[in-house]
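Please read the structure below before turning to the comments.
The values are calculated or read from the model by the stated rules, or taken from the named source; none is laboratory data. Predicted model, so just to flag it, every value in this text is computed and none were measured. Cβ placement follows ideal geometry from the backbone for every residue including glycine, while neighbour counts extend to all protein chains displayed. Please note that ligands, DNA and RNA were not included when accessible areas were found on the heavy atoms of the full protein model with its side chains. Shrake-Rupley method; radii C 1.70, N 1.55, O 1.52, S 1.80 Å.
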Amino acid sequence: MQTPLYRLLLLLCGLQVLGVRAGVGKYSREVNENRADGEVTEFRIQRLNQVWDKAQRLQISAVKLAELHSDLKIQEKDELNWKKQKAEGLDEDGEKEAKLRRSLNVILAKYGLDGKKNTQTEDNNYIKDGTENDVLNDPRLEKLWNKAKTSGKFSEEELDNLWRDFLHHREKIDEYNILLDTVSRTEEIHKNVISPDEHEIKAEDLHSRHTDLKDKLRSINQGFERLRKISHGGYSGERDFNEPKVNDLWDMARKANFSESELDSFKEELKHFETKIEKHQHYQKQLEISHEKLKHIAETGDKEHIKKSKEKYNALTDKIKELGYKVKKHLQDLTSRISKDGLSHNEL
């Protein structure tokens, strides 16, 4: 016969077992969300943390590291949203999942984290004055730029704006080449696998990939034609915004099925978006200056000075991460309103 004391001991043991099991469940969830053992991590998805850790080990520039953080935050948001959609059975054909994979591959290649030799060593952000540290890597663009620069049709401010247009166009070419490479490699792997059925690329996915490429190529061709006209004839008051990305959005909006009132409202929102971009670029310049100062002060060995400079540098880095995410999220939202595709966020 079991005594009350014996039954109490059994109950306590049962509670301990339940506690252990609950702890295991909690620990597994923490592992999945990368918070095990109190570890503070940047992202809730393990794969993205691995990318972030690799980037820090490679010691890429402070501005690019902050930009990568913003890209990964957007990727994280989209992947978490996709997981919810998948659980609700809203991605049966796997098209959205395939877009997310391509998006991550583009990010890896963009920052030289895909294991391939990075041939794009130039900083693509608009953070340097002048053109000495930038190259266009395209004979047609070089020819157009030299023609515009020596034509006498542009003021200094207009030349600065035009140079940013050229750099933006080069970015679009780079991103197209990255996407083309990732798509080609995926299809090549599919051809060479032993059991193709296990790695089936669905027709919808294949169509989506090539649609992305066609859209980017069309944008590149239209952009080049616009640059050609401007380089030959000047701006002629046709420029609605200073930021190339904002002008691209405005061109897209005018070709969409917006009413006049909707266009006016969208244009006002683009003005706010342009201000946000300019603020982001201002802090990028400040971070680059702070980074150079920190390196210089570190050589002096003045610990107190180093500490203050490090605090300022960290504050600027956090500010840029925050602003970078907001800019990219806003760009994604504006593009989605035009394209009607909530998961399509290829950068312009």
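Quick look at the values:
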{"item": "Once the Cα gyration tensor of segment 136-187 is diagonalised, semi-axes √(5λ) in Å", "result": "31, 11, 5"}
{"item": "Surface share of carbon and sulfur [accessible, 1.4 angstrom probe, percent] for segment 210-348", "result": "49 percent"}
{"item": "Rg to Rh, two decimals, where segment 219-348 supplies the alpha carbon set and Rh follows Kirkwood", "result": "1.13"}
{"item": "Distance in nm between pseudo-label sites at Lys83 and Lys271 (7 Å out along the Cβ direction from Cα)", "result": "4.2 nm"}
{"item": "Protection proxy ranking, peptides 46-56, 78-88, 163-173, average beta carbon neighbours within 10 Å, highest first", "result": "163-173, 46-56, 78-88"}
{"item": "Chain lengthening between Asp240 and Glu156 when straightened (0.36 nm per residue, less Cα-Cα)", "result": "28.4 nm"}
{"item": "Greater than 30 Å apart at Cα, pairs in Lys64/Lys245; Lys276/Lys303; Lys245/Lys295; Lys83/Lys326; Lys147/Lys267", "result": "Lys276/Lys303; Lys245/Lys295; Lys147/Lys267"}
{"item": "Full-stretch length increase - Lys293, Asp138 - with 0.36 nm per residue and alpha-carbon distance subtracted", "result": "52.4 nm"}
{"item": "Cross-link reach list, lysines versus Lys86, counting only Cα pairs under 19 Å and skipping chain neighbours closer than eight places", "result": "Lys77, Lys96, Lys99, Lys202"}
{"item": "Interatomic Cα distance distribution for segment 236-287, bins of 10 angstrom, percent", "result": "23, 47, 23, 7, 0"}
{"item": "Point-to-point label distance, Lys229-Thr211, nm (Cα→Cβ direction, 7 Å offset)", "result": "2.8 nm"}
{"item": "Karplus-derived HN-Hα couplings along segment 263-279 (A = 6.51, B = -1.76, C = 1.60, θ = phi - 60°), whole Hz, x at Gly and Pro", "result": "5, 4, 5, 5, 5, 4, 5, 5, 4, 5, 5, 4, 4, 5, 5, 4, 5"}
{"item": "Note, ³J(HN,Hα) from phi for segment 252-259, Karplus 6.51, -1.76, 1.60, rounded to Hz, x at Gly and Pro", "result": "4, 5, 5, 8, 7, 8, 9, 6"}
{"item": "At 1.002 mPa s and 20 °C, Stokes D of segment 208-273 from Kirkwood alpha-carbon radius, µm² per second", "result": "160 µm²/s"}
{"item": "Ile338-Glu311 FRET efficiency (beta carbon distance; Förster radius 45 Å; 0.05 resolution)", "result": "0.60"}
{"item": "Cleavage-rule hits, GluC sites (Glu not before Pro), segment 232-339, DSSP coil, Cβ neighbours within 10 Å at most 10", "result": "Glu299"}
